[in-house]
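Novice: Before anything else, here's the structure in question.
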Amino acid sequence: MKFYFLLIAYFLAFSVLSFPQKKRTERADEAYDAGEFYEAIDLYKNAYSAIKDKQEKTRVIFQIAECYRKTNNSKQSELRYKRAVSWEYPDPIAILRYAEAKKKNGKYEDAVDEFKRYKQLVPDDPRSDNGILSCEMALEWMENPVGYKVEDIRYFNSRGFDFSPAYA
């Protein structure tokens, strides 16, 4: 009797495991495609620990970086792009995004190096030239500041995205 019970339990467990289950990364990809970047970050992070394949791990790291970029978290995106680039993500766009994140964080000299690295891989892309030029101009402006002072006016500015006024 005990043997039959164990045999039935074994077959039930095996049949449950054999049903196609949605992978964690697939759910994260769906959230990313739907524009739910905060949810996608959490799903990718949960899936990351279960992934064994280094190529898939690198892809997930890049996707996390993309989510952070699209939510304007440049510090976190820079860290993730750095890891994706160091793990040799196959698409050179990772190097471009890494350079853009460095530029956004005010690391202009490092960003120029990354833009040049991207230019070697994709010489026809004007984004590398534009990035190099903008970093060089920012460095020049920092060395020679103008006589204007910019202040934050809290009455007009908030933490959110304040643009395009509309009549309701």
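Novice: What tally of residues in the stretch 102-142 results from selecting those that are under 19 Å from the mean Cα position of the chain (by Cα) and of a type in the set (A, V, I, L, M)?
Specialist: 1
Novice: Restricting to the stretch 55-88, name every residue that is touching a helix residue (DSSP H, G or I) at 6+ places or on another chain (Cβ under 9 Å), surrounded by fewer than 21 Cβ atoms within 10 Å (Cβ to Cβ) and among the small types (Gly, Ala, Ser).
Specialist: Within the stretch 55-88, just 74 meets the criteria.
Novice: For the stretch 22-38, which positions are of a type outside the set (Ser, Thr, Tyr) and either under 11 Å from the mean Cα position of the chain (by Cα) or crowded, with 17+ Cβ neighbours inside 10 Å (or both)?
Specialist: Applying the first criterion (of a type outside the set (Ser, Thr, Tyr)) to the stretch 22-38 yields 22-24, 26-31, 33-37.
Within the stretch 22-38, 24, 28, 29, 31, 37 meet the criteria.
Novice: Same structure, new question: Is there a residue being out of contact with any His (no Cβ under 8 Å at 6 or more places or on another chain) and within 21 Å of residue 41 (Cα to Cα) anywhere in the stretch 106-124?
Specialist: Within the stretch 106-124, the subset out of contact with any His (no Cβ under 8 Å at 6 or more places or on another chain) is 106-124.
Imposing the further condition that a residue be within 21 Å of residue 41 (Cα to Cα) reduces the set to none.
Scanning the stretch 106-124 turns up no residue that is out of contact with any His (no Cβ under 8 Å at 6 or more places or on another chain) and within 21 Å of residue 41 (Cα to Cα).
Novice: In this structure, is residue 140 more than 23 Å from residue 29 (Cβ to Cβ), buried (at least 18 other Cβ atoms within 10 Å of the Cβ) and not hydroxyl-bearing (Ser, Thr, Tyr)? I'd like the intermediate steps shown before the answer.
Specialist: Details: more than 23 Å from residue 29 (Cβ to Cβ): yes; buried (at least 18 other Cβ atoms within 10 Å of the Cβ): no; not hydroxyl-bearing (Ser, Thr, Tyr): yes.
So residue 140 does not fit the description; no.
Novice: Tell me yes or no: at least one residue of the stretch 101-110 is touching a Phe, Trp or Tyr at 6+ places or on another chain (Cβ under 7 Å) and part of a helix (DSSP H, G or I). Steps first, answer last, please.
Specialist: Here is the first cut: in the stretch 101-110, the ones touching a Phe, Trp or Tyr at 6+ places or on another chain (Cβ under 7 Å) are 101.
Filter once more, keeping what is part of a helix (DSSP H, G or I): 101.
Checking the stretch 101-110: at least one residue is touching a Phe, Trp or Tyr at 6+ places or on another chain (Cβ under 7 Å) and part of a helix (DSSP H, G or I).
Novice: List the pairs whose first member sits in the stretch 83-102 and is among the acidic types (Asp, Glu), whose second member is part of a helix (DSSP H, G or I) and buried (at least 22 other Cβ atoms within 10 Å of the Cβ), and whose Cβ atoms are under 7 Å apart, counting only residues at least 6 apart or on separate chains?
Specialist: 100/131
Novice: When you scan the stretch 82-98, do you find a residue that is of a type in the set (Phe, Trp, Tyr) and farther than 26 Å from residue 137 by Cα, even just one?
Specialist: From the stretch 82-98, those of a type in the set (Phe, Trp, Tyr) are 87, 89, 98; that's our starting set.
Then keep just the ones that are farther than 26 Å from residue 137 by Cα; that gives 87, 89.
Yes, because at least one residue in the stretch 82-98 is of a type in the set (Phe, Trp, Tyr) and farther than 26 Å from residue 137 by Cα.
Novice: Is it the case, given these coordinates, that residue 97 is touching an Asp or Glu at 6+ places or on another chain (Cβ under 8 Å), of a type in the set (D, E, K, R) and part of a helix (DSSP H, G or I)? Show your work before the answer.
Specialist: Numbers: touching an Asp or Glu at 6+ places or on another chain (Cβ under 8 Å): yes; of a type in the set (D, E, K, R): yes; part of a helix (DSSP H, G or I): yes.
Yes, satisfied.
Novice: Would you mind telling me which numbered condition in (1) touching an Asp or Glu at 6+ places or on another chain (Cβ under 6 Å); (2) loosely packed, with under 14 Cβ neighbours inside 10 Å residue 52 fails?
Specialist: The number of the failed condition is (1).
Novice: Do the conditions hold for residue 41, that is, is it surrounded by 18 or more Cβ atoms within 10 Å (Cβ to Cβ), in a helix (DSSP H, G or I) and touching a Cys at 6+ places or on another chain (Cβ under 8 Å)? Quick ask: steps written out before the conclusion?
Specialist: Working: surrounded by 18 or more Cβ atoms within 10 Å (Cβ to Cβ): yes; in a helix (DSSP H, G or I): yes; touching a Cys at 6+ places or on another chain (Cβ under 8 Å): yes.
Against the criterion (surrounded by 18 or more Cβ atoms within 10 Å (Cβ to Cβ), in a helix (DSSP H, G or I) and touching a Cys at 6+ places or on another chain (Cβ under 8 Å)), residue 41 qualifies.
Bear in mind these aren't lab numbers, they're just calculated from the coordinates by the rules spelled out. Just so it is clear, the structure is predicted and the values come from calculations on it, not from any experiment. Don't worry about glycine lacking a Cβ; one is built from the backbone with ideal geometry, like all the others, and counts go over all protein chains shown.
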